[in-house]
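Below: the structure, in structure tokens.
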Amino acid sequence: MRRPRTLLVGGGGREHALGLALQRSEAPLFVAAPQVNPGLKAIARDYLVSAVEDGPKISRWAREREVELAVLGPEAAIAAGVADELRAAKIPTVGPSAAAGRIESSKAFARELMQRHHIPGLPEFRTVSSPAEVDAAVAAFSGQFVVKAAGLAGGKGVWVQGVDFQTPQEGAEIARKLFPPTGKERSVVLEERLEGEEFSLLAFVDGTSVLPMPIAQDYKRALEGNQGPNTGGMGSYSERDHLLPFLTKEDREAATEILRGVVAALRKENLEFRGVLYGGFMLTAQGPEVLEFNARFGDPETLNILTLFDGTDFADLLYQVAASRIDPSHVSFRLRATVCKYLVPVGYPDSPKKGSLLRIDENAIRDLGVTVYYGSVSPGPEPGTALTGTSRSLALVGESSARKDAEARVEQALKHVQGEYYVRHDVGSVADVKARVEHMHKLRGTAPFDPVKNPTRSGPAPPQVFLA
Ligand code: AMP
Ligand code: GLY
């Protein structure tokens with residue numbers, strides 16, 4: 001077993017989950033994050049409080065500690081070139097260069113790459129580089145459309161017609177107001193509004209091999225019933241067979257083929273991608289279409305996925321991603337369902353109430369078979385307490401042979417967190433998932449549950465590598 005001294009960059013729930021998985025494989029852990037995450041603090045050998053974008057500082061600190069492997073959590077670190085900095089310091093890194101990371105940090109680059117390489121799943125789109133071009137671009141859409149800031153916006157730079165605005169004129173106004181764009185990206189993307197159900201497929205990528213993980217569904221909207229603004233993700237679930245109740249094996253194959261196509265396209269453009277490629281898909285009546293790519297582990301999906309990771313060699317797998325070739329023979333994911341719910345500050349995401357005291361009875365939660373992952377909180381005045389920050393506070397993840405039971409466990413566990421917070425009780429609930437299945441059923445005109453009409457729906461795929 002390899003036990004690399006591992007640097008983890010980032011301090012959210014995703015990084016806490018990554019840290020715990022690395023700890024299980026006995027890798028000494030070094031954390032660089034903007035705040036002290038109590039969960040990570042408890043397991044780290046050393047902890048640097050730093051902006052995640054500060055490549056020179058992080059890399060110097062890591063070198064001094066003889067770090068042998070680095071794992072980048074947040075997109076901001078990737079976009080800032082922290083992976084380039086770490087590689088220059090000869091530290092194998094899970095996380096692409098800033099250039100390959102443009103698959104996430106530039107929505108225009110991602111769309112144009114798909115177009116150049118004829119990758120399937122590309123919706124109709126227009127990139128706009130000045131306010132004067134907006135009206136012509138809007139006129140190109142016969143149906144509803146979506147306005148997207150081209151650069152990183154933490155999941156908050158997207159406006160959907162029929163939800164966030166109504167008329168094409170309102171959409172055009174939103175697009176014009178995005179100029180001049182903030183950050184490095186100079187454009188705004190308009191694209192057709194896709195109808196269907198969303199799913200996330202993440203894969204480990206070592207430059208040429210693509211190893212897909214179990215599929216999860218994220219709940220992006222802030223409020224129950226999928227209302228309110230888009231967020232980083234309020235919770236997520238995954239199923240025992242690593243598919244979703246509305247998703248077939250063929251859908252997974254189509255989505256995997258898209259990820260493989262992206263890695264191959266990047267290679268053709270001399271951009272090596274080592275890290276995690278995350279496809280955010282809309283399953284439409286025609287099959288999966290791409291909403292976005294992320295160049296990193298998803299948050300919250302990673303909490304579902306790592307709960308299922310089986311085996312003690314997570315550090316070794318990450319080392320292969322960063323420094324050699326992925327060997328799938330030691331990778332497996334348990335055939336269990338998971339439900340993750342994020343507790344967030346009241347007012348999240350627009351005006352989160354910082355500094356609220358949470359009392360967390362971790363032992364009682366653990367007794368229910370539920371795991372606590374700390375996110376944007378700081379240690380409270382006494383043990384078992386924490387103070388909310390401005391982002392998602394903590395996640396509770398339940399696991400069971402059935403989603404219904406995993407969800408019920410999380411609801412039980414919520415009774416052991418006291419304080420002022422908001423949580424979406426409908427994440428992974430029977431009623432919510434049923435509505436999604438019926439929605440997809442209606443769109444496709446098929447019965448995804450029907451084993452006679454659709455014999456290939458179920459059945460997990462063994463961990464398998466696809467060559468790009
Ligand atoms: P993105 O950051 O691009 O994934 O967008 C955030 C969310 O906006 C997605 O998870 C979808 O819910 C929604 N969205 C983005 N693009 C589209 C689209 N083309 N059609 C419908 N909804 C979309
Ligand atoms: N779950 C959405 C994201 O990680 O961006």
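The values are calculated or read from the model by the stated rules, or taken from the named source; none is laboratory data. Quick caveat, the model's predicted, so the values are computed rather than measured. Note: ideal-geometry Cβ built from the backbone for every residue, glycine included; neighbour counts use all protein chains shown. Quick note on the areas: whole protein, heavy atoms, side chains included, nothing else; ligands and nucleic acids left out. Shrake-Rupley method; radii C 1.70, N 1.55, O 1.52, S 1.80 Å.
Would you say F273 is closer than 27 Å to Y374 by Cβ, more than 16 Å from ligand 1 (Cβ to nearest atom), touching a residue at least 40 places away in the same chain (Cβ under 8 Å) and aromatic (F, W, Y)? Spell out how you get there, then give the answer.
On the way: closer than 27 Å to Y374 by Cβ: no; more than 16 Å from ligand 1 (Cβ to nearest atom): yes; touching a residue at least 40 places away in the same chain (Cβ under 8 Å): yes; aromatic (F, W, Y): yes.
Criteria not met by F273.
One line per residue, one yes/no per condition, for (1) of a type outside the set (V, I, T); (2) part of a loop (DSSP other than H, G, I, E, B); (3) more than 27 Å from M234 (Cα to Cα):
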position: V147; (1), (2), (3): no, no, no
position: G151; (1), (2), (3): yes, yes, no
position: K156; (1), (2), (3): yes, yes, no
position: V160; (1), (2), (3): no, no, no
position: Q169; (1), (2), (3): yes, no, yes
position: A172; (1), (2), (3): yes, no, yes
position: R176; (1), (2), (3): yes, no, yes
position: F179; (1), (2), (3): yes, yes, yes
position: K184; (1), (2), (3): yes, yes, yes
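Which of the residues that make up segment 236-246 are more than 16 Å from ligand 1 (Cβ to nearest atom), outside any strand (DSSP E or B) and either open to solvent by less than 10 Å² (accessible area, probe 1.4 Å) or within 16 Å of V437 (Cβ to Cβ) (or both)? So that I can check it myself, show each step before the final result.
Here is the first cut: in segment 236-246, the ones more than 16 Å from ligand 1 (Cβ to nearest atom) are 238-243, 245.
Checking which are outside any strand (DSSP E or B) leaves us with 239-243, 245.
E239, R240, D241, L243, P245, listed by residue number.
Test G225 against the stated conditions and say whether it is more than 12 Å from ligand 1 (Cβ to nearest atom) and farther than 30 Å from K434 by Cα. Let's see the steps before the verdict.
Working: more than 12 Å from ligand 1 (Cβ to nearest atom): yes; farther than 30 Å from K434 by Cα: no.
The answer is no for G225.
Select, from K404, K453, the only residue that is of a type in the set (K, R) and modelled with pLDDT of 95 or more. Step through it out loud before you land on a result.
Numbers: K453 fails: modelled with pLDDT of 95 or more.
Exactly one residue qualifies, and that residue is K404.
Consider segment 276-294. How many of its residues are buried (at least 24 other Cβ atoms within 10 Å of the Cβ) and away from ligand 1 (no atom under 13 Å from the Cβ)?
2
State yes or no: is L318 hydrophobic (A, V, I, L, M, F, W, C), within 16 Å of ligand 2 (Cβ to nearest atom), out of contact with any Gly (no Cβ under 9 Å at 6 or more places or on another chain) and open to solvent by less than 20 Å² (accessible area, probe 1.4 Å)? I'd like the intermediate steps shown before the answer.
Values: hydrophobic (A, V, I, L, M, F, W, C): yes; within 16 Å of ligand 2 (Cβ to nearest atom): no; out of contact with any Gly (no Cβ under 9 Å at 6 or more places or on another chain): yes; open to solvent by less than 20 Å² (accessible area, probe 1.4 Å): yes.
Answer is no for this residue.
Give the residues of segment 141-170 that are charged (D, E, K, R) and within 16 Å of ligand 2 (Cβ to nearest atom), sorted by residue number.
Let us first name the residues in segment 141-170 that are charged (D, E, K, R), namely 148, 156, 164, 170.
Within segment 141-170, K148, K156 qualify.
Any idea which of V433, V417, V410 is of a type in the set (A, V, I, L, M), crowded, with 18+ Cβ neighbours inside 10 Å and closer than 30 Å to Q286 by Cα?
Working: V417 fails: closer than 30 Å to Q286 by Cα; V410 fails: closer than 30 Å to Q286 by Cα.
Residue meeting the stated conditions: V433.
Check A337, A364 and return the single one that is in contact with a Ser or Thr (Cβ under 8 Å, 6 or more places away or on another chain), among the aliphatic types (A, V, I, L, M) and at pLDDT 95 or above. Don't jump to the end; show me each part of the working.
Values: A364 fails: in contact with a Ser or Thr (Cβ under 8 Å, 6 or more places away or on another chain).
Going through A337, A364 in turn, just one is in contact with a Ser or Thr (Cβ under 8 Å, 6 or more places away or on another chain), among the aliphatic types (A, V, I, L, M) and at pLDDT 95 or above: A337.
D299 is checked against (1) closer than 30 Å to K442 by Cα; (2) in contact with a helix residue (DSSP H, G or I) (Cβ under 9 Å, 6 or more places away or on another chain); (3) not in a loop (DSSP other than H, G, I, E, B) and fails just one. What number does that condition carry?
For D299, the exception is condition (3).
Specify the residue that is surrounded by the fewest Cβ atoms within 10 Å (Cβ to Cβ); the eligible residues are those in segment 364-407 that are charged (D, E, K, R) and within 22 Å of A222 (Cβ to Cβ). Lay out the reasoning, then the answer.
Narrowing segment 364-407 to residues charged (D, E, K, R): 366-367, 382, 392, 399, 403-405, 407.
Next cut, within 22 Å of A222 (Cβ to Cβ) only: 392, 407.
On the way: R392: 28, E407: 26.
Here the residue is E407.
Tell me the strands (runs of 3 or more DSSP E) entirely within segment 191-235 that contain at least 3 residues that are surrounded by 21 or more Cβ atoms within 10 Å (Cβ to Cβ) and modelled with pLDDT of 95 or more. Full working, then the answer.
Details: elements: 197-206, 209-212, 221-223, 227-230.
Where strands (runs of 3 or more DSSP E) fall fully within segment 191-235 and carry at least 3 residues being surrounded by 21 or more Cβ atoms within 10 Å (Cβ to Cβ) and modelled with pLDDT of 95 or more, they are 197-206, 209-212.
Under 7 Å between Cβ atoms, which residue pairs at least 6 apart in sequence (or on different chains) link something in segment 104-128 that is on the phi > 0 side of the Ramachandran plot with a partner that is open to solvent by less than 50 Å² (accessible area, probe 1.4 Å)?
If the second residue must be open to solvent by less than 50 Å² (accessible area, probe 1.4 Å), the pairs left are G121/I258; G121/P288; G121/E289; G121/V290.
Looking at segment 160-183, which of its residues are closer than 18 Å to E292 by Cβ and either touching a Lys or Arg at 6+ places or on another chain (Cβ under 8 Å) or among the basic types (K, R) (or both)?
The answer is V160, Q161.
May I ask you to list the residues in segment 59-83 that are part of a helix (DSSP H, G or I) and open to solvent by less than 70 Å² (accessible area, probe 1.4 Å)?
Filtering segment 59-83 down to residues part of a helix (DSSP H, G or I) leaves 59-64, 75-79, 82-83.
Within segment 59-83, S59, W61, A62, E75, A76, A77, I78, A79, V82, A83 qualify.
Give just the number: which of (1) under 23 Å from A395 (Cα atoms); (2) more than 16 Å from ligand 2 (Cβ to nearest atom); (3) open to solvent by 20 Å² or more (accessible area, probe 1.4 Å) does E269 not satisfy?
(1)
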